[in-house]
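Report on one structure; see the data block that follows.
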Amino acid sequence: MNFLRRSVSLAVLVTLLVGVMGIAVQSPSAYAQDDDVPRFESAPCMFEIPDGAVEGENLECGYLVVPAKHAEPTGPTIRLAVAIAKSTNPTPAADPLVMEQGGPGGSSIDAFIEDLFDAQEVLRLDRDVIILEQRGTLYSEPNLMCQEVLDLSVEALQQDLGVNEEAALAEAAIQACRERLITEGVDLNAFDSVENAADIADLVTALQLTQINLYGVSYGTMLALHTLRDFPQVLRSVTIDSVVPLQTNFIPEVLQSASRAFRVLFDSCAADPECGTAMPNLEADFYALVEELNTTPITFPVEDPDSGEMYEAVLNGDRLIAYYFQLLYATSVLPYLPKTVYDIKAGNTSLLSLVSPFFDLDRTFADAMYYSVICAEDSDYTLDDYDFTDVPEALKAAFGDDTILTTCASWNAELLPNTVDDPVVSDVPVMVMSGEFDPITPPSFAAQAAETLSNSYNFVYPGVGHGALFGGDCPLSMFVDFLGDPATAPDATCIDNMSIEFLLPSSAYVDPEGQFTAALPAGWEDGGDRTLVNTETGSMMIFDVLEAEDVTEGIGTVISAYDPSVDGANPVNSQDIDLVNGTWKLTFYLSGSNYYIVVGTVHNGKAYVVILQTSESQFEDDANSLQAVLDAMEFTE
């Protein structure tokens, strides 16, 4: 299991759950174009252009050409992909924001580019945002992708394997990838954190900048700390989010970190009056389900998002723990986790079907980059130095034996000097961010890093997982304030208003005409005439059943009849979502201040359609309620 790799790729899961939803940086032609290294070379964007971006206008791309090894400046070179999201301000600040993803091995471009033109567009209000794809990752050349590992993951997904048995197969796959890359002429010793940090300094040089503001999340915090130590002169400010302090080896700490996050989940539900009352034995029930699944595994459907191929994935207890560990990263999913224990026990695995492709079929992660970095920097430990007596036995079993030392023993990486493990001492302004539920980089890690950063501000965000910046409006607004004035601590009063509202098991709703049953979410009441009403907000769900063979036509008919101002044939968004009770068409309409999510499916010649009428402020909460309704929907005809 590559522990740091998941940082922000799950930030869109709430949307997916309902199926919708110095010198200022100039255009690349103005950048240095001489034959020296480092240099920037303009190029067409190498990724899918997100909505709202126009290449050549508010988005520019290219490659940073750097030495493969900075100690050999006239030696071989490599190319690192660069995406520049232009500021919405015609006179942007001279110090752009540079953003770096985790992993090591994650694609920074894939992690950030879409949100910069949507949810995090505010980051472009005053300055350009530059995404540097780290050496070895997806869009850089060469990349250290491992098809061998993906092939193994597809096979293992469909088998009931013990955790150590699966780890042995993964070890063989990663070693096969290593041998292939070496045969292709890749020098794996060119991929480590020190080289990575030098690339950031080279970016500043190549783009003719004076200073930058650097943001790093997860492994990106290690990279930011290395840059802070080695090249402080290029940094106006640094933000480290979900922190790995260089003086702490996170790998042997994983079990304790995971155990702490599970403890936070169970205790948070117990402390919440509604969650604690609805699920009073959550912890015991979770571990009972783990034991039950290890004895009698079940299967659930998984669709490959690229090929469309369907797989029957095997779910045993150890894999359930592995999934929950990964899900604790995602702030948007945290409210679902207690309830999902009982959903899975009842055979409802829709959440796992949704998230499994992120974990099991990821084609964006450079596995060999991960091991090159980790083996060079963090393979110098022994488990004998750590105490795991307080970790639940089920967690120990699910994580299995430590295989990283085995992999690194044969990786043959050139070890970095011991000095890379020294605490970073600096007076550069640093914002330090942590999530309360983070299962891999706990808030205590952030506190360790902040101890020697004399000009730092350390914040812990309640109800947030890994990647705190993406945990809501509060951390985002504080980050924007910090960028505006790094010398002043950002206003943190909004943290007091942050909390988590767990989704509760739902009561049953029975169609008065006897054609279906569904959930009655907490806070909603039967309003009669096939409607559910949220008595606090006024939001409504309207059910309809009509004779129809085409679900799109059925949806259009129902929404146009409900609100004649809506053109049912032209939704803002439309796509298919797979739930446990079949494939549903999901559409989204806008009419004045009304937001409509309209879903439908065809069953036995009838179209079953549900309209959710909501507002911008209630959209997320109401979408969660709609998800609960659909998950529990059963047809009686």
*Does the range 338-346 include one or more residues that are crowded, with 20+ Cβ neighbours inside 10 Å, under 14 Å from the mean Cα position of the chain (by Cα) and not in a loop (DSSP other than H, G, I, E, B)?*
no
*Can you name every residue in the range 358-371 that is in a loop (DSSP other than H, G, I, E, B) and hydroxyl-bearing (Ser, Thr, Tyr)?*
Thr364
*Hey, among the residues in the range 580-637 that are of a type in the set (Gly, Ala, Ser) and surrounded by fewer than 22 Cβ atoms within 10 Å (Cβ to Cβ), which one's farthest from Asp563 (Cα to Cα)?*
Gly582
*Could we say that Leu209 is surrounded by fewer than 24 Cβ atoms within 10 Å (Cβ to Cβ), touching a helix residue (DSSP H, G or I) at 6+ places or on another chain (Cβ under 9 Å) and within 26 Å of Leu416 (Cβ to Cβ) here?*
no
*Would you check which residues across the range 354-390 are crowded, with 19+ Cβ neighbours inside 10 Å, more than 29 Å from Asn412 (Cα to Cα) and of a type in the set (Ser, Thr, Tyr) and list them?*
Ser356
*Mind counting the residues in the range 431-466 that are closer than 22 Å to Asp267 by Cβ and of a type outside the set (A, V, I, L, M, F, W, C)?*
14
*Of the residues that make up the range 467-476, is at least one over 18 Å from the mean Cα position of the chain (by Cα) and aliphatic (A, V, I, L, M)?*
no
_Unmet requirement for Val163, which otherwise passes all of (1) under 26 Å from Ala450 (Cα atoms); (2) at pLDDT below 95_ = (1)
*Quick one: which strands (runs of 3 or more DSSP E) lie wholly within the range 528-637 and hold at least 2 residues that are out of contact with any Lys or Arg (no Cβ under 7 Å at 6 or more places or on another chain) and closer than 28 Å to Phe300 by Cα?*
573-579, 582-591, 594-603, 606-614
_First in the range 571-600 and more than 18 Å from Glu634 (Cα to Cα) and of a type in the set (Asp, Glu), second anywhere and at pLDDT 90 or above and crowded, with 20+ Cβ neighbours inside 10 Å, Cβ under 8 Å, 6 or more apart_ = Asp576/Trp584; Asp576/Lys585; Asp576/Leu586
_Answer residue from the range 165-201, given it is of a type in the set (Asp, Glu) and buried (at least 20 other Cβ atoms within 10 Å of the Cβ) and is farthest from Ala376 (Cα to Cα) among those_ = Glu166
*Return the residue satisfying two criteria in turn: it lies in the range 347-357 and is among the hydroxyl-bearing types (Ser, Thr, Tyr) and part of a helix (DSSP H, G or I), and of such residues it is nearest to Ser625 (Cα to Cα).*
Ser350
*asked:* With aliphatic (A, V, I, L, M), more than 20 Å from Gln247 (Cα to Cα) and surrounded by fewer than 16 Cβ atoms within 10 Å (Cβ to Cβ) as the only criterion, which of Ala409, Ala398, Ala394 stands out?
replied: Ala409
_All strands (runs of 3 or more DSSP E) inside the range 398-516 with 1 or more residues being within 30 Å of Tyr323 (Cα to Cα) and at pLDDT 95 or above_ = 430-435, 456-461
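The values are calculated or read from the model by the stated rules, or taken from the named source; none is laboratory data. Values in this document were obtained by computation on a predicted structure and should not be read as measured data. Cβ coordinates were reconstructed from backbone atoms using ideal geometry, including for glycine residues, and neighbour counts include every protein chain displayed.
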